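Note sheet for the following structure.
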Amino acid sequence: MIGLLVAIALGGVLPWRPPPTKPDVAAAGDPPRMMFKAPVFNGFVNQQGRAVSSDAYAGKVLVVTFMYPYCTRVCPSLASRMVNLETLLRQRGLQNRVQLLSFNVDPEGSGPAEMSRFMQQYGADPADGLWQFLTAPVAVTERVVQQGFHANYEKIAVDAVDQVFAAQRQNGSYRYMPVMANPLADAAHPAYDIIHNSSAIIVGPKGVVRYVLGQADTVSVAAMMNDIIRVLQANKGA
C-alpha cells in the first residue's frame with residue numbers, strides 16, 4: 001500500500017541487503033549506467049497463472065516495478081503508467097523489444113486472480129503479454145525482489161501504519177502519498193498494509209540494470225519512455 005524508498009517500520013529500519021557496488025540510483029534523463037546484474041529467476045506465474053521465468057524475456061529491455069493488488073497509494077499510479085507505457089511502446093513499434101514486469105510483494109495474500117482484476121481496474125488487458133504481473137512463493141519472491149533487485153518490502157498490521165508514519169517523520173524519510181481508488185482493496189478489506197519499494201528498474205537486453213528510478217509514481221511516462229529508448233540505443237546494449 002505504501003511505496004517507500006527508505007522504509008521505517010515500528011521504529012526500526014527494514015532489513016536491507018548491502019547495496020551493489022555500482023551507483024544504486026539513476027535519475028530519469030541521465031545517461032544509462034552499468035549498475036548491477038539483474039537476478040535470474042524461475043518459479044513464478046503471471047496474472048493468468050502461467051509459469052514464467054527470466055529466460056522468457058532474454059534479450060529484451062525490462063521495466064521492473066513492485067506492486068500488490070490491494071495497494072491504495074503508489075500502485076494505482078504505477079499501474080496507470082504501465083498501461084500508458086504499453087500504448088507508447090506499440091506506437092513506436094517497440095512492443096517486441098521491451099517487457100513490463102511487476103512483481104507481487106504480497107504473495108501470501110494474493111495471487112493470479114487478484115492480480116488480473118487489479119490490472120483490469122486500471123485499463124490493462126490481462127491476456128496481453130506486454131505487461132505481466134508475476135507472483136511466486138514467499139521465499140522465491142524474497143530472493144528475487146529483496147536480494148536480487150535490492151527492493152525492500154514488509155507486511156505490517158493496519159493499526160501500525162500511523163506508527164510507521166510517525167517514525168518516518170522523526171527520521172526525515174516521510175513522503176506524503178494520497179490514498180487512491182482501488183475497488184479490489186475496498187472489497188477485500190485486508191488487515192495489513194505492505195510497505196514497499198516504489199522504484200522502476202530498467203534492465204538492459206543483456207541483463208544489466210541501467211536505471212533505478214526512485215519514486216517512480218512521480219516519474220512521467222514520457223521520461224520513462226525516453227530512458228527505455230536510451231537503453232535500446234546504448235552502444236554497449238547491456
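Coordinate-derived values only; no laboratory data. The structure displayed is predicted, hence computed values, not measured ones. Cβ sites come from the backbone with ideal geometry, for glycine too, and all protein chains shown count toward neighbours.
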*For helix 161-171, report the angle its Cα long axis makes with the longest principal axis of the Cα atoms of the chain; keep it between 0 and 90° and round to the nearest 10°.*
70
*On the first, second and third principal axes, largest extent first, how far apart are the outermost C-alpha atoms of the chain in Å?*
49, 37, 31
_Please list log₁₀ I(q)/I(0) at q = 0.14, 0.15, 0.16, 0.21 Å⁻¹ for the stretch 22-108, using the Debye equation with identical point scatterers on the alpha-carbon positions._
-0.62, -0.72, -0.83, -1.39
*Efficiency of FRET between GLN120 and GLN233 - r from beta-carbon atoms, R0 30 angstrom, step 0.05*: 0.35
*Enumerate the amide H contacts of ALA38 below 5 Å, restricted to partners 5 or more residues apart or on another chain; note that Pro and chain-start residues carry no placed amide H.*
VAL208, VAL209
*Roughly what angle does helix 221-233 make with the longest principal axis of the chain, taking Cα atoms, 0 to 90 degrees, to the nearest 10?*
40
*When the Karplus curve 6.51 cos²θ - 1.76 cosθ + 1.60 is applied with θ = phi - 60°, which whole-Hz ³J(HN,Hα) does each residue of the stretch 118-133 get, with x for Gly and Pro?*
4, 4, 4, 4, 10, x, 8, 9, x, 7, 7, x, 5, 10, 10, 10
*Working from Cα positions, state the angle (0 to 90°, nearest 10) between the long axis of helix 74-91 and the longest principal axis of the chain.*
20
*Which one of GLY29, LEU184, HIS196 is farthest out on the positive end of the charge dipole of the chain, using unit charges on Cβ (Lys, Arg +1; Asp, Glu -1) and the Cα centre as origin?*
GLY29
*Can you check what the net charge comes to around TRP131, using other residues whose Cβ is under 15 Å from the Cβ of TRP131 (Lys, Arg +1; Asp, Glu -1)?*
+3
*Which FRET efficiency value, to the nearest 0.05, is calculated for ALA56 and ALA188 with the Förster distance at 35 angstrom and r the Cβ-Cβ distance?*
0.70
*asked:* So if the hydrodynamic radius of the stretch 174-238 is defined as the Kirkwood radius over C-alpha pairs, what does Stokes-Einstein give as its diffusion coefficient at 10 °C and 1.306 mPa s, in µm² per second?
replied: 110
*asked:* At a 10 Å Cβ-Cβ cut-off, how would you order GLU86, GLU142, fewest neighbours first?
replied: GLU142, GLU86
